[in-house]
Structures are given as structure tokens and as C-alpha cells.
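Enquirer: Okay, here's the structure, questions in a sec.
The values are calculated or read from the model by the stated rules, or taken from the named source; none is laboratory data. Bear in mind that the values here come from a model prediction, so they are computed numbers and not experimental data. FYI the Cβ positions are ideal-geometry reconstructions off the backbone, even for glycines, and counts take in every protein chain you see. Areas reflect the complete protein model, heavy atoms only, side chains present, ligands, DNA and RNA absent. Shrake-Rupley method; radii C 1.70, N 1.55, O 1.52, S 1.80 Å.
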Amino acid sequence: MNFDHRHYIPCLRWKQGEYQAVALLPDTIKCKFTPLIEVPELGYDFEERKEKKTIDEHLARFPKRVFDNWGDSPCFVDLNLIKHDKLLANGTHPVRFIFDKLQTMPCQAIPVTGLLRDMEYQKEIKAVSAKDGNGICLRITIEQAAKGTLKTQIDSLLSTLEITPGDSHFILDLGAPNFVPLDGFSMAIQQVVSKLPHLNDWQTFTVLGTSFPATMAGIKKGGEIVPRHEWQLYKMLVADLRKAKLRLPIFGDYAISPSQVLDMDPRLLKPNATIKFTIDDGWYIVKGNNVRDYGYEQFHGLSEHVLASRHYRDSTFSWGKEYIRKCANRSAKRGNLTKWVQVGTNHHIEKVTQDIASFYAS
Amino acid sequence: MITNERQYRITSTQLEKLKTAIDTFDIKASTERTKSKILAKAEIEALRSEYENLSVQLHEYETLKSGSVEILKASNLEELPSILIRARIAKGLSQRQLADALGLKEQQIQRYEAEEYASANLRRLADVARSLGLNISEVAEFRPTSQEPLGGKNDNLAWDQFPVREMYRRNWFEGFSGSLDEAVANAEELVKEFVKGSLDKPVQAAARQRVRSGGSVNWSALLAWQCRVITLAKKEIMTNKYNQRTITDEWLTKLAHLSREENGPKMAIEHLRNSGIRVVVEFHLPNTYLDGAAFLLSDGSPVIGMTLRHDRLDNFWFVLFHELVHIIKHLHKGDIESIFDDLDAKADDIEQEADEQAGEILVSEDKWNTSLARFVRSEDSIRDFANELGIHPAIIAGKIRKEANNYIILKNMVGQGEVRKLFPGTNFS
């Protein structure tokens, strides 16, 4: 894997909207980022009061969806959203199932692990790493990283996995913290980074986090700008780390999704039609009425709203941005909620790769 | 608030659905699904809270519709719109019938009620009140209670405004063995005796008091509370006299460190007492909105009164340090001699200084600025930071809640219910 801190790592829950967004990106953009792909959670059927599918059914199509939409470029694959004790009907561990299949596609998938995964999980990661030779990725939360015991824990894990820091990628996961005041948070992270074990040895080093709202409930109808604090923080952090002569991290975010899955009963939810349009330092979120009572036609009007705003006039070009223009002009369909995840995610990735290029060019 | 039959029907249906959802909620399955017991609990709590909220609304509408409500009273002008809506329902009038009576369209009344008459002018409010047959004398009673400072008229105590029944219930009239009715009948005499017994001079001059409050305070109740605290304080025999020079940084740090102890609040009170500062815990009286107070006895010795209005560890420690700062910096004989604090209210001058310094002693600004707990806000990070500072995690959790202006988060971290139980001799009901 050959990239430095000017790369981009979006964490994507690999559902239809997300993978179709990635599939439509041109190769010139695809070479600028490496997705951290999360195997989506096994959904729950609230009416039947049981999980929607068996784990076998749930995982069956995933490897092909990675290959069809991302191809054989490197990617990180994390099963953090799958329960550790869930085995397939024939007793296979999900980690083994996924990576065996990915390898035959063939995909260059790097398995992700962390400090709290159980021994079975680690055993499977070790087997995958030994077989594929793509290395592994450690995803460590900021709280874990701040503890004095981190070095011992990491060294013990690497020893279990029989792998060196040089063959491992390190992701410092901030999750969805409170980012404000940014300068204080940047200093707090710098203190943590300065104490990270093997900082200069990891194959890559990423800081991942998001300020994307956990729900759209607090967003008012019409247009509202939500700051992308993680990007503002990243720029500040790079300046602080440069001064301290510490390794610069890769920027990672959760694109246009919250970091946590909150699996609420859909019967109690009435999702609104929203367009999440990534702009400089923020998201321009245009929110309409709920789609259950007001339908999807409103997406034409919401697209008009985005198109007419000054935010649409920046220099980024993306399939997602173009779709908004077409939808406003009624030359593209109004779509459904998945389509608008695709639109938003596609534009987001294109915009962020451009942000990173401009930031390091200046 | 439900204002018409349509909303009533919708709410009833919603309530039934919620009830089914609560009855069939499987906490185990939810925990497995969300991988978190906390999230699972949050889901069921959210359902219950919504259920409770809708039930209250439904019940209120049903009660009003039943015609059993004959008297509706508002204690301030802000409540008038709500009274107008409730009075209409109680009279059995529909929004259309009221609109007809006023010569308006039904939609206009719907709008008024939906926005609680925010856009209606005074004349329109008066017309609606008249149409509903509201007693104007009731409206005339909507004046706020007097905002005179404590004992502003010196000897001329507003004794009839003292909460005599509550004072009787708490056995504050020492030596009086009569019934409640007798206490009410002899209120003037009892109150005067009560005040005289604790204050050496009739009452303090207004200029020597500071009151921080966000509500409409009953000044007589505030004075009664202070008298009670003084009475209790005077009963304490002190071995050491207060000397400001003993309050060093080290002394304050030691006090903050006591917060880690299980019996920390009691130990803190002892720590203060050893340095000549009396601390009295006495539950607040209705309409005093009081967290704590600091004042000087006639001999100049300082007293801190605490109400434990909020039964939380974070609140206890913040109030204690806040009042302590007042004692160290702001109370001087012949100048300001009493300060009463509702710490939920907006702060200015000396209040701001006390807030800032109390905060600084507990969690220094330097450390706070770059502490991970401030940003991550997780229980683990809060515990780590509290350990580093040597204080109770509740203090950090409380600070985060205040900064975020969100009192729903970290509910399990602020030591809810951990303070009052340390004071079994005090009646908090």
C-alpha cells in the first residue's frame, strides 16, 4: 500500500447507498482514498421481534458487493458491527467467511481489529493475516489510546497476531465526540499522539471522527449548515503536530452518516426527506417533510433549493452534485432515501479528496 | 396540549400504540441488538417518557371536558393563554363555537391556541376572556408577589406572607405546642417571635444583602429559612474561630479531595467546622429557589446554609465551594453580610466571580481546556480525569452537563440521590 498523510479514509457502512456512491467515482478519485468498510449490522425486525435474516444470509452477498463496487484496490474491512459470538450455520466464524471469500474475488482487504475483540476474533484475524499477507489494521478509540496501559496492550495484541507495527495500520478513532473548543481538543489529541507507541513505525496512521448529527431531529426544515468539525480539527491538528515534529495523520471521517448505529423501531420513526450536501468546512443540509406522509416528490423541490444556493456554486464536480441539478430540472428521478445516501456520499468523497489536495497544496 | 377532539383521537391512538410497544418491549433482545444495555434502557425509557407525557395531556383534556373543573387559577400572566384554552374546553365549547362567539374563523382560534395566543393583542385576549365568562377579578390577581428585599420595611414584617403552615410542619416554632389551626390563628405573634429569636436585630438592611434569583421569590419565606439556619448554626459550639489566613490553596485542595470519599459531604462540613465555618443543611421553603447562602452572624463568624435542592453530588460540591468563595472574598461586616444563591439563575459581578473561582478550585481551567473527558464525554474518560485531579467523577460530569447545557446526558454519573441520604436528620419532603 503506497500512500501518505495526504490520502483520505472514509468509514462507510457498506449498504446500497454507500457502495453505489463509491462505484460511480472516477479512478482519479478512487486512487486518493481507501475506504474503511464496515460490514453492516444484522438488522432487527421489530414486528417479528427477531433478527431480519440469518447471519449466513446477511453475509452471503457482502464480499461480492465489495468486489463489484470497489474492485481489487486495497480496503480495510471491519466486522465491528457483527456480534462476536455469531457463527455461520456450519460453525464458520464470520471473519473467516468474509475474508476467505474476499480473497478469492480477489480483493486486497485488510482485516480490522481492536483491543476489545474476543480471542476467537483475534485468532481469525491472525489466520487471515497469515494467509493473505495484507497486514492488519488496529482501530483504537481515543480513550483506549489515552490510557497508560496502551503500549502493553498493543504489544500483547501484536504478539498474539504475530505481526509487527510495520505491517499494521493504525486508526485513532475519535468516534463522535464534542469537538468544541477545537484548539483545546487538538491539544488533547496531540498529547495522546505524542505518547502513541510505535508512532513512526505503523504502515499508515489515521485520525478518524465525525461531527455529523446523530439524528436529523435537531435540524430545522429548509437549509441549515452543520459544521464539519472533524475537518476543521484536522487542519488545526496538522499544524500542532507539525510544530511538535510528530507524524502527520491521514484524515478519516464517516462521510454523511453518524458513527453509531441506533437501531430504533422503524414503526416509531418518520424519516424526513433530506439532502446532505458537503461544502467547505460543513454540510449544507436541506430538510423537507417526512416521506411517509409527504412522499418523495419533495426531493425535486429540495434539489432546487440546493441548486439555487450559493453552496452549489463551488468548483467541485461530482456525479452526486450533477444528480441534484438534474433532479431540480426534473430530468432525473426523485429517488428514494437510499438514492440520496448515494448522492450525498458520492459528492462528499469527491469534495473531501479535493479539500485534502487543496489543504496540502497551500 | 390537546385542544380539540381530533388531537384527542390522534393522541389516544398514539398512546395505545406506545402501550403495546412498551408491553412487548424485550430488553434482552434490545440489548443484544444495540450491543449496549444503556442504549436498550434508553429506548424503553424514551417510550415510557413519551407515554407519560401523552397520558398527562390526555388526562388533562378528559378532566376538562368532563366539566368537573370549575376553578382555573393562574399565578402569573404567562399562564393566561393556557387558562384561556383550558377554560374553553372546560366550558364544553369547541374552537368553532368560540370563534362564532367572537365573530372569527375557526382556523384563527386553532392558530391562536396552537401558538398559545402569542400573536394575540391585549384587546383580543380580553375579548376571549369575556366570551368564556372568565372572572376579571381573577385576572386582576395576576400581579406578581412583592419583590421587596428581606425585611425592607424593617419592623413592619409581612408576617401574613410567611409560610406558617410549612414552618409549623417542620416544628420551627420552638416552644409552641398548639395545633396547626392555632398556629395559623396566632401566625403574627409566632412569626415575630421566630424572627426575633434568631436575628439579634430585627432584620438586616437591604443594602447588606445580595440575592441571586431566577424566579419570583417569596421574600418572607427566604427570611424564615435564614432565621432557621441561624438558629441551628447558633446551637453549634465552635472550638476554632474563623481566620481567613487558614484558607490556603492546600486547605482548599484537601477539601476538594474529600469529594472522593463515600462520606465526603459530611467530612467536608467537618473540615469547614474545624476552621470556624458553620455549615447548616436545611431544605428550602417553597418559592425560595435556593441552593445555598453565605452570611455572617452578629459576631462576624461565617455560616454556609445549603438546601440540597438538587440531590446530586456535583451540585453539593459546586454550591459548597461557591458559598465558600463568598465567605473568603465577598462577605464583610458592615458591608455585604448575606448572600442568597439560586445557582440556576444568571450570574453577575460577585456571583460570576464565585462561580469562576469555585470552578477553578475544583477543576483548573488549564487542565479542563485540554482534558479528553471534556471532548469524549464518556464515563471512562470522566473517571480517568477525576482520578488525575483527585476529585469525585460527579464533579466532572456536572461540569460537562453545564457546558453542554444538556442535563439529560451522564445522568448516572452525577451522584443523583447520593447527598440527602447522608443527612438523615433533615426533612427533605
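Enquirer: For residue A:183 and residue B:96, what does the FRET efficiency come to when R0 = 45 Å and r is the distance between their Cβ atoms, rounded to the nearest 0.05?
Expert: Working: r = 59 Å, r/R0 = 1.31.
With a Förster radius of 45 Å, E is 0.15.
Enquirer: I'd like the Kirkwood hydrodynamic radius of chain B, using the inverse of the mean 1/r over distinct C-alpha pairs, in Å. Present the calculation step by step, with values, prior to reporting the outcome.
Expert: Working: mean 1/r = 0.0395 Å⁻¹.
25.3 Å is the Kirkwood radius here.
Enquirer: Rounded, prolate or oblate: which fits segment A:1-92, taking a ≥ b ≥ c as square roots of the Cα gyration tensor eigenvalues, rounded meaning a/c under 1.5, else prolate when a/b beats b/c? All intermediate terms of the calculation are to be shown ahead of the outcome.
Expert: Working: a/c = 2.42, a/b = 2.08, b/c = 1.16.
Verdict is prolate for segment A:1-92.
Enquirer: Within 14 Å, Cβ to Cβ, of residue A:300, how many net charges do the neighbouring residues add up to if Lys/Arg are +1 and Asp/Glu are -1? It would help to have the intermediate numbers written out before the result.
Expert: Values: positive: A:325, A:326, A:330, A:333, A:334, A:339; negative: A:297, A:304.
Combined, the nearby Lys, Arg, Asp and Glu give +4.
Enquirer: So how much accessible surface do B and A hide from each other in total, probe 1.4 Å, in square angstrom to the nearest 100? Present the calculation step by step, with values, prior to reporting the outcome.
Expert: Working: alone 23260 and 16450 Å², together 37730 Å².
Approximately 2000 Å² gets buried when B meets A.
Enquirer: Taking chain B as the reference, fit the longest principal axis to its C-alpha atoms, fit the long axis of helix B:264-274 to the helix C-alpha atoms, and give the angle between the two in degrees, 0 to 90, nearest 10.
Expert: With rounding to tens, the tilt is 40 degrees.
Enquirer: Same structure again: With label points built 7 Å along Cα→Cβ from the Cα atoms of residue B:238 and residue A:245, find their separation and express it in nm.
Expert: In this crude label model, residue B:238 to residue A:245 measures out at 5.8 nm.
Enquirer: Relative to the longest principal axis of chain B, what angle (0 to 90°, nearest 10) does the C-alpha long axis of helix B:5-23 take?
Expert: 60 degrees
Enquirer: Still on this structure, I have one more. Given the protein chains as shown and a 1.4 Å probe, how many square angstrom of residue B:299 are accessible, to the nearest 10?
Expert: The accessible area of residue B:299 comes to roughly 110 Å².
Enquirer: Here is a further query. What lysines sit close enough to residue B:65 to cross-link, taking a C-alpha to C-alpha distance under 21 Å and skipping anything fewer than 8 places away on the same chain?
Expert: Result set, ordered by chain and number: B:73, B:91.
Enquirer: Express in whole angstrom the spacing between the alpha-carbon centres of segment A:166-241 and segment A:292-362.
Expert: Taking the Cα centre of each part, segment A:166-241 and segment A:292-362 sit 24 Å apart.
Enquirer: Under a 1.4 angstrom probe, counting protein chains only, how are B:254, A:30, B:266 ranked by accessible area, largest first?
Expert: Values: B:254 120, A:30 45, B:266 80 Å².
Highest to lowest solvent-accessible surface, that is B:254, B:266, A:30.
Enquirer: For chain B, what is the accessible area per residue in Å², given a 1.4 Å probe and the full set of protein chains? Walk me through the intermediate numbers first.
Expert: Numbers: 22250 Å² over 429 residues.
Here the per-residue accessible area is 52 Å².
Enquirer: In addition: Between residue A:326 and residue A:16, what length in nm is gained on full extension when 0.36 nm per residue of separation is reduced by their alpha carbon distance?
Expert: Values: separation 310, 0.36 × 310 = 111.60 nm, distance 2.12 nm.
Using 0.36 nm per residue and subtracting the Cα-Cα distance, I get 109.5 nm.
Enquirer: Just the accessible area for residue A:59, please: 1.4 Å probe, Å², rounded to the nearest 10?
Expert: 0 Å²
Enquirer: So, one more: Give the separation of the Cα centroids, segment A:22-100 to segment B:357-391, in Å.
Expert: When both Cα centres are located, 39 Å separates them.
Enquirer: What would the Debye formula give as log10 I(q)/I(0) at q = 0.08, 0.09 Å⁻¹ for the alpha-carbon point model of the protein assembly as shown, no solvent?
Expert: For the protein assembly as shown at q = 0.08, 0.09 Å⁻¹, log10 I(q)/I(0) is -0.91, -1.07.
Enquirer: Which residues, if any, in segment A:223-263 lose at least 20 square angstrom of accessible heavy-atom surface (probe 1.4 Å) when the other protein chains sit next to their chain rather than the chain being alone?
Expert: At a threshold of 20 Å² (probe 1.4 Å), the residues of segment A:223-263 that become less exposed are A:262, A:263.
Enquirer: Just reorder A:216, B:306 by solvent-accessible area, largest first, 1.4 Å probe, all chains present. Each step should come with its number before you reach the end.
Expert: Details: A:216 40, B:306 5 Å².
Putting A:216, B:306 in descending order of accessible area: A:216, B:306.
Enquirer: Over all alpha-carbon pairs of segment B:277-429, lay out the pair-distance distribution in 5 Å bins, whole %, shortest bin first.
Expert: 2, 9, 18, 20, 20, 15, 10, 5, 1, 0
Enquirer: Let me check I've understood the local charge: for residue B:165, count other residues with C-beta under 14 angstrom from its C-beta, Lys and Arg +1, Asp and Glu -1. What total comes out? Provide the component values of the computation, followed by the final result.
Expert: On the way: positive: B:169, B:170; negative: B:160, B:166, B:181, B:182.
It works out to a net charge of -2.
Enquirer: Further question: Under a Cβ-Cβ cut-off of 12 Å, what is the net charge of the residues other than residue A:55 that fall near it, where Lys and Arg count +1 and Asp and Glu count -1?
Expert: Values: positive: A:52, A:53, A:83, A:86; negative: A:41, A:51, A:56, A:57, A:85.
So the surrounding residues net to -1.
Enquirer: Sticking with this one: Tell me, what % of the accessible area of segment A:8-262 is carbon and sulfur with a 1.4 angstrom probe? Provide the component values of the computation, followed by the final result.
Expert: Values: 5350 of 10500 Å².
It is 51 percent, rounded to a whole number.
Enquirer: Oh, and also: By the gyration tensor of its Cα atoms, with a ≥ b ≥ c the square roots of the eigenvalues, what is the shape of chain A: rounded for a/c under 1.5, prolate for a/b over b/c, or oblate? Could the numbers behind the result be given before it?
Expert: Numbers: a/c = 1.73, a/b = 1.24, b/c = 1.39.
Because a/c hits 1.5 or more and a/b fails to exceed b/c, chain A counts as oblate.
Enquirer: With the contact rule set at Cα under 8 Å and sequence spacing of 6 or more, what percent relative contact order holds for chain B?
Expert: On the way: 528 pairs, mean separation 50.3, N = 429.
12 percent.
Enquirer: Beyond a 20 Å Cα-Cα separation, which of these cross-linked pairs lie in this structure: A:220/B:19; A:270/B:17; A:221/A:276; A:53/B:28; A:83/B:28; B:241/B:333? Before the final figure, lay out the partial values.
Expert: On the way: A:220/B:19 29 Å; A:270/B:17 15 Å; A:221/A:276 13 Å; A:53/B:28 18 Å; A:83/B:28 14 Å; B:241/B:333 15 Å.
Over 20 Å Cα-Cα: A:220/B:19.
Enquirer: Let me ask another. Probe 1.4 Å, all protein chains in place: accessible area of residue B:9 in Å², nearest 10?
Expert: My reading of the accessible area for residue B:9 is about 140 Å².
Enquirer: Now a separate question. What FRET efficiency, computed as 1/(1 + (r/R0)^6) with R0 = 35 Å and r the Cβ-Cβ distance, is obtained for residue B:182 and residue B:246, rounded to the nearest 0.05?
Expert: Computed FRET efficiency for residue B:182 and residue B:246 comes out at 0.15.
Enquirer: Where does helix B:80-90 land angle-wise versus the long Cα axis of chain B, in degrees 0 to 90, nearest 10?
Expert: The helix B:80-90 is inclined about 40 degrees to chain B.
Enquirer: So what is the 222 nm mean residue ellipticity for chain A from helices alone, if each DSSP H run of at least 4 adds -39500 (n - 2.57) and you divide by all residues, rounding to the nearest 500 deg cm²/dmol? The partial results should precede the final answer.
Expert: Numbers: 14 runs with 147 residues, N = 362.
Result for chain A: -12000 deg cm²/dmol, rounded to the nearest 500.
Enquirer: Taking square-rooted eigenvalues a ≥ b ≥ c of the alpha carbon gyration tensor, is segment B:331-421 rounded, prolate or oblate, where a/c under 1.5 means rounded and, failing that, a/b exceeding b/c means prolate? Display every interim value, and only then the final one.
Expert: Values: a/c = 2.10, a/b = 1.72, b/c = 1.22.
Here segment B:331-421 falls in the prolate category.
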